[in-house]
Every structure is written in structure tokens, then in C-alpha cells.
1. Just grab the label-to-label distance for residue 292 and residue 142, each label 7 Å out from Cα along the Cβ direction, in nm (one decimal).
2. Quote the convex hull volume per residue of the stretch 147-245, based on C-alpha atoms, as a whole number of Å³.
3. R0 = 30 Å: FRET efficiency of residue 180 with residue 207, Cβ-based, nearest 0.05?
4. How much length is gained on full extension from residue 331 to residue 74, taking 0.36 nm per residue of separation minus their Cα-Cα distance?
5. Sorted from fewest to most neighbouring beta carbons within 10 Å, what does the list 349, 400 look like?
6. Please give the contour-minus-distance gain from residue 65 to residue 40: 0.36 nm per residue of separation, less the Cα-Cα distance, rounded to one decimal in nm.
7. Could you list the residues of the stretch 279-302 with an amide nitrogen less than 19 Å from a label point located 7 Å from the Cα of residue 371 in the Cα-to-C-beta direction?
8. What value does the stretch 238-295 have for Rg/Rh, both radii from Cα atoms and Rh as Kirkwood defines it?
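Nothing in this text is a laboratory measurement; each read-out follows from the coordinates by a stated rule. What you are looking at is a predicted structure, and each value in this text was computed from that prediction instead of being measured. All Cβ positions, even for glycine, are placed from backbone atoms using ideal geometry, and neighbour counts span all protein chains on display.
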């Protein structure tokens, strides 16, 4: 499947059995498994309904990023421990849905569902303005969660046809009652042809309810074209990992994937060793409050949008980090990062800190980040270990270089 459909249609498995693969100290893969087994799709739909806490058809209206680092105040003591496999320490998305039809659970007009941010944590992806069949799991209706491993998905997908018929108490059709059987060499070609035909029809249905934005980036003083990437950030919130992003071609042209109806900020990012980096909102401003949102409508494809990128000044951010006890710190256990609070909320700058050795001071190390675009950042220290605390430090990069001081304290 093409990229715009890859995550929109949830994997048709009932259990929330997401196995997290931890590599390079972060979640890097999501694998789904199910403990529900049935002889046909109709039987699976029945078992899925029984296992879910709530089932509804709804449209996502707001996306809230929940992360301890963002919620803490400047100077507040927070954990510096790498979260590793502890799911309760990972960032999450809280999605508010407008309920159109409840199939299980005494639901009000709106309901909130927790999911991951994506990037390997099994987070479900929802596009603004589109209707979804959502299966929520949890101890009660106030603590619901879902994932890309859950059943359901975009309401126009073939994946939810049998589920909807069962939930609406309609009679099953032959496709829902057909027994599951392994694929054989004799019917593999026929199935593949049918799959491609179904997908083409799916593309047409999806294009009718979504839109796109295409245009060109014009950079002042650029020597060799543009490059970089363009993010399309819903004004109602978005995940820092799973939001629509497309590369900008060297001639400056770009075109989004299919976008759900709603308003979006366009955010251009480009970093280069040869040229100064850029990070700006359309129509060419650094602050979101000055940005101009673009309206996306169902079935409409906007083109010829011109995004002019003025040359931005960059600055240095440097400082010292100290630890009260370095005895348990190996060479690559500590890192300092600048997390951008603007645009796509990504880690733009990261540096490993080696506390081994004694020069120049045993428990203090120097760090420096070059070519930092003006904006709001969090300086964050992460330790691959347990029991470490640090202070959250807000960094507002404006008109000159910044010096900051960070500390690591181990709870003894």
C-alpha cells in the first residue's frame, strides 16, 4: 500500500498485544498479535465486540500530546531515566472524538481515547475530519486506549464492512461467512488481482473524502535548489512522530499525501552542513501565532501555493552538565538534547556525554550545539539507567548565543 494508507487502516486484529522492540534506547518497531481466533469474519466480529470496553463511530476533533517533559515547569525536577520498556513513561496522544454512533458502552457526545505517538509504539493514526470505527479497551469508559493493532479503522475501508454489519444487527453477507483458508498457489494470482482491484476502489473512495496541498518553496539566497521537508500540522493537534510529512524536491516543489478535511499549518524544515538551516511556518514566519493556516476540503486538491523562505540567523547553545556521581555512568549512557517546541516537536540537536576520565573536572562536562534556529526549546538530559533526576530547562533562542547549566543527581 502507498504511504497515505499504510497507517490509516488499522490491522484487523482484536487483541491489544503489542510487542515493543527496543533498539538504540528507543522503541523502533511494533508487532501485533491476537488471541482471538474464529472460522470466519463474522465470528471474529462477534468476539471482538465481546472483548472491547467501548465501540463507536466517531470523528477525531482534538489531539493532545501528553508527555511529562512538556508538562513540567521550567526548573522543575524530573526523571532523567530513559523510559525503556516502561509504557507509563512514554509520551502518549489523547484523542477527543465526536461520537456519531455508539455500538457498545453508554457514551456521551464526546469521548477521549489514549494511544501512542507512533514511531514504533503501536500508536493508532487518525486523520482530522474523517469518521472511524473505534474499539476502546480499558477498565472503564474514562480510561480507554486503542492502538494500530486494534480492530476498526476508517469507516470507508473494506476492513470494517463485516464489523459494521454485525454491530448494526444486520444479516451477514456471504463474504463475512466464508471460512478462512490458507492461500494456495492455484488461487494466489486471482487473489492478488482482486486485492489490487479492491485497493484501486479504496483509493477512489479515500480521495473523495480527503484533499491535498501542493506548491513550491522559494528560498532566498539558496544555491542548489531547496530540499528539506514539509510537514502538514493539523491546527487541532498532532503527534510529533506520526503527522503528514513529505520531502521537498530539489526544484522546490512539494505535494502532500491525502489529508483529512480541516485546517493545517505548513512547516518547512531544512538542515545542511553547507547552508544555514531553516525552520519556518507558512507564509515564512518563525512563530506559530503569526502563521497562516491552510484549509483542506474533501475532494479538493490545492496547487500552486508559494512558500517563500527568508534566510534565518542561527546561534549557538552551549553549557556545562555535572553529575553528583559518575561511577555508574558508562561512555554512552548520558545524552543532552534540544527538543524543539515549535513545528513538529522533534529532537533537532543531540550530543552524547562521556563522563569517563577526569579532564578537565571529574564530574563536569562541556557541550555545544551549533546552528540552532531561533525558537523555543527544552534542554533535556537522558540517562540510560535508573534513579537519575535532572531539571527541566527552557531555552528561548532569540538574538544571541545561550549558555545553560544542567545537572544530574542520582537518588542514593
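1. 4.5
2. Per residue, the Cα convex hull of the stretch 147-245 comes to 212 Å³.
3. After rounding, the FRET efficiency stands at 0.45.
4. The residue 331-residue 74 span can extend by a further 89.7 nm.
5. On the way: 349 19, 400 8.
Listed from fewest to most nearby Cβ atoms, that is 400, 349.
6. Once the chain is fully extended between residue 65 and residue 40, it gains 5.2 nm.
7. In the stretch 279-302, the label zone of residue 371 (backbone N under 19 Å from the point 7 Å along Cα→Cβ) covers 279-281.
8. Values: Rg = 12.4 Å, Rh = 12.9 Å.
Dividing the radius of gyration by the Kirkwood radius yields 0.96.
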